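Colleague: Right, I'll just put the structure down here and ask away after.
The values are calculated or read from the model by the stated rules, or taken from the named source; none is laboratory data. Note that the structure is predicted; figures quoted are calculated from it, not measured. We place every Cβ from the backbone using ideal geometry, glycine too, and count neighbours over all the protein chains shown. Quick note on the areas: whole protein, heavy atoms, side chains included, nothing else; ligands and nucleic acids left out. Shrake-Rupley method; radii C 1.70, N 1.55, O 1.52, S 1.80 Å.
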Amino acid sequence: MCIECGCGQQPHEKHDHPHRVVSVHESIFADNDRRAERNRGYFRAHGLFVVNLVSSPGAGKTALLEKTLGLLPLRSGVVVGDLETDLDAIRLRKTGTSVVQVATGTLCHLDAAMVARAVGTLNVKTLAVLFIENVGNLVCPAAFDLGEDLRVTLLSVPEGEDKPLKYPPLFRSSNWVVVTKIDLEEACGFDREACLGHLGRVAPKARILELSSKTGAGMDQWCDELVRAYESRPKGL
Amino acid sequence: MHEVGIVQSTLAMAERHARNAGGSAISSLLLRVGDMTGVVPEAIEHAFDVLKIGTLAENASLVIERVGGIGWCEGCSLEFSADGWIAICPRCAVPTGDLRSGLELELVSLEVS
């Protein structure tokens, strides 16, 4: 094989067939984006409002969901992604909610195809809201549209106020940012003003909410906002 | 970042286009990567060297074209180049979430034979 052009003829100087340039201009995420649009159409046709929850591991996604499922006056289902185990699904099923666990193996994010497969096992006709608890990761989920209506990124107080500056793509891609574990602000020496300032710079259009799943502070506002977003959800195809 | 997954998608896409064009080998690929995607070009190159083996692009070279970030200010309609991760209008000093460039991640073209 000719290692100059990879065409199978040797040597390179002795062959002069034209190497054609094939124009592609296609996004690397085109396949996922197409599947995500398909998901979106399916969700809208069923009147389902879909929330994609993302954060680093341990920011409190499952704890927030446990509390939310008990408070939210809307029938909800959950798709939860983790590399391994169904521990989160077991926790969430205790709330009486339909939960599908997706074990992603070595993959560090959920993609639109995985969500489509998982949703296929839920009875979506009985649901108003679908929460997707993404794999704990502040980098990769940014690039993968799942067909959600709302992307919510959690930032927990112990992670520090500078997280948005360190991981801008995910925060930038979020519709809402929820600062969690605010009961730990004092213990962690958390600089709230700096955090809000960083979020304003990285994600100027994101709505910012602050809460503690443990103490319940801010939970009412979070649920009210979810209900409002549900009521104004895009409908039809 | 999931550079391995990105390279796998790129190679699959490139092979599909090469076959459609009647090519039997890919000699080069041009990939456009926006500065604000978070994708690390060095990691792409490394993954490419490993993953191309056994594909039509086994002997291909990879060319990465970087695209700088460009923000657009809602307040004063200025289009400006964003330095680093955050786009702040140099005239109004107001951050914007409206990026006109820098989020690209696309396979531009390939050379087949």
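Colleague: Springs between alpha-carbon atoms under 10 Å, Gaussian network over chain B: tell me which of B:LEU99, B:LEU30, B:LEU78 tops the mean-square fluctuations.
Modeller: B:LEU78
Colleague: Measure up A:LYS94/A:LYS235; A:LYS125/A:LYS235; A:LYS125/A:LYS214; A:LYS67/A:LYS166 against 21 Å on the Cα-Cα distance and list the ones that go over.
Modeller: Numbers: A:LYS94/A:LYS235 31 Å; A:LYS125/A:LYS235 15 Å; A:LYS125/A:LYS214 32 Å; A:LYS67/A:LYS166 29 Å.
Among A:LYS94/A:LYS235; A:LYS125/A:LYS235; A:LYS125/A:LYS214; A:LYS67/A:LYS166, the Cα-Cα distance tops 21 Å for A:LYS94/A:LYS235; A:LYS125/A:LYS214; A:LYS67/A:LYS166.
Colleague: Taking 35 Å as R0, compute the FRET efficiency from the Cβ-Cβ separation of B:GLN8 and A:GLU186 and round it to 0.05.
Modeller: Numbers: r = 46 Å, r/R0 = 1.32.
The pair B:GLN8/A:GLU186 has a calculated efficiency of 0.15.
Colleague: Quick one: go through the range A:58-76 and flag any residue whose amide nitrogen is under 18 Å from the point 7 Å out along the Cα-to-Cβ line of A:GLU84.
Modeller: A:58
Colleague: Something else now. Please average, across the residues of A:97-109, the number of beta carbons from any other chain that are within 10 Å of each residue's own beta carbon, and give a whole number.
Modeller: Details: counts 0, 0, 0, 0, 0, 0, 0, 0, 0, 1, 3, 3, 2.
For peptide A:97-109, the averaged partner shielding equals 1.
Colleague: Averaged across the residues of A:26-33, what count of C-beta atoms belonging to other chains lies within 10 Å of each residue's C-beta? Walk me through the numbers on the way to the answer.
Modeller: Working: counts 9, 8, 17, 5, 5, 3, 2, 0.
Counting Cβ atoms of other protein chains within 10 Å of each residue's Cβ and averaging gives 6.
Colleague: As a test of understanding, state the convex hull volume per residue of chain B from its alpha carbons, in Å³. Walk me through the numbers on the way to the answer.
Modeller: On the way: hull volume 10.8 nm³, N = 113.
It is 96 Å³ per residue.
Colleague: Among A:ARG35, A:ARG201, A:ARG151, which one moves the most in a GNM of chain A with springs linking Cα atoms closer than 10 Å?
Modeller: The residue that fluctuates most here is A:ARG201.
Colleague: I need the semi-axes of the equivalent ellipsoid of the protein assembly as shown: take the C-alpha gyration tensor, multiply each eigenvalue by 5, square-root it, list largest first in whole angstrom.
Modeller: Details: eigenvalues 327, 123, 63 Å².
After scaling each eigenvalue by five and taking roots: 40, 25, 18 Å.
Colleague: Taking the solvent-accessible surface of protein heavy atoms with a 1.4 Å probe, what is the per residue accessible area of the range A:27-231 in Å²?
Modeller: On the way: 8290 Å² over 205 residues.
That works out to 40 Å² for each residue.
Colleague: In deg cm²/dmol and to the nearest 500, what is the mean residue ellipticity at 222 nm of the protein assembly as shown if only DSSP H runs of at least 4 residues count, each as -39500 (n - 2.57), divided by the residue total? Show your work: numbers first, answer last.
Modeller: Numbers: 11 runs with 108 residues, N = 350.
The per-residue figure over the protein assembly as shown is -9000 deg cm²/dmol.
Colleague: Run down the lysines and flag those whose C-alpha is under 29 Å from the C-alpha of B:LYS52, throwing out any fewer than 8 positions away in its chain.
Modeller: Once the sequence-local lysines are set aside, what remains near B:LYS52 is A:LYS14.
Colleague: While we're looking at this one, here's another question. Write out the cysteines belonging to chain B for which the nearest other cysteine Cβ is not under 4.7 Å, or none if no such cysteine exists.
Modeller: Singleton cysteines: B:CYS76.
Colleague: Suppose every K and R has +1 on its Cβ and every D and E has -1 on its Cβ; what is the size of the dipole of chain B about the Cα centre, in Debye to the nearest 20?
Modeller: Numbers: 7 positive and 15 negative charges, 44 e Å.
In debye, rounded to 20, chain B gives about 220.
Colleague: How big is the charge dipole of the range A:96-237 about its Cα centre, in debye rounded to the nearest 20, if each Lys and Arg gets +1 on its Cβ and each Asp and Glu gets -1 on its Cβ? List each step's numbers first, then the result.
Modeller: Working: 15 positive and 18 negative charges, 112 e Å.
Once rounded to the nearest 20, the dipole reads 540 debye.
Colleague: Give the A-B buried accessible area in Å², both sides summed, 1.4 Å probe, nearest 100.
Modeller: Values: alone 12220 and 6460 Å², together 15770 Å².
For chain A against chain B, roughly 2900 Å² becomes buried.
Colleague: For A:ALA116 paired with B:LEU99, estimate the spin-label separation in nm (one decimal), with each label point 7 Å from Cα along the Cα-to-Cβ line.
Modeller: Computed distance between label sites A:ALA116 and B:LEU99 equals 2.6 nm.
Colleague: Counting alpha carbon pairs within less than 8 Å and at least 6 residues apart, what relative contact order, in whole percent, applies to chain B? Mind showing how you got there, number by number?
Modeller: Details: 218 pairs, mean separation 40.0, N = 113.
Relative contact order, chain B: 35 percent.
Colleague: Additional query: How much of the accessible area of chain B, probe 1.4 Å, is carbon plus sulfur, in whole percent? Please list the in-between numbers first.
Modeller: Values: 2540 of 5030 Å².
C and S fraction of accessible area: 50 percent.
Colleague: Related question: Please report the accessible area of A:LYS67 (heavy atoms, 1.4 Å probe, ligands and nucleic acids excluded) in Å², nearest 10.
Modeller: Number for this one is 90 Å².
Colleague: Using a Gaussian network model on chain A with a 10 Å cutoff between Cα atoms, which of A:HIS19, A:HIS46, A:HIS198 fluctuates the most?
Modeller: Residue with maximal mean-square fluctuation among A:HIS19, A:HIS46, A:HIS198: A:HIS19.
Colleague: Would you please put A:129-142, A:173-186 in order of how densely packed they are, using the mean number of other Cβ atoms within 10 angstrom per residue and starting with the highest? Walk me through the numbers before you get to the answer.
Modeller: Working: A:129-142: 23.8, A:173-186: 20.7.
The densest-packed peptide leads the list: A:129-142, A:173-186.
Colleague: Want the number for A:ALA194 to A:THR104: 0.36 nm per residue separation, take away the alpha-carbon distance, what's left?
Modeller: Working: separation 90, 0.36 × 90 = 32.40 nm, distance 3.52 nm.
Length gained between A:ALA194 and A:THR104: 28.9 nm.
Colleague: Need one word for the range A:27-231: rounded, prolate or oblate. Basis is the Cα gyration tensor (sqrt eigenvalues a ≥ b ≥ c); a/c below 1.5 gives rounded, then a/b vs b/c decides.
Modeller: On the way: a/c = 1.58, a/b = 1.30, b/c = 1.22.
Prolate shape, in that a/c is at least 1.5 and a/b is the bigger ratio.
Colleague: Just the number, please: carbon plus sulfur as a percent of the accessible area of the range A:27-231, 1.4 Å probe, no ligands or DNA/RNA counted.
Modeller: Working: 4120 of 8290 Å².
Reported share for carbon and sulfur atoms: 50 percent.
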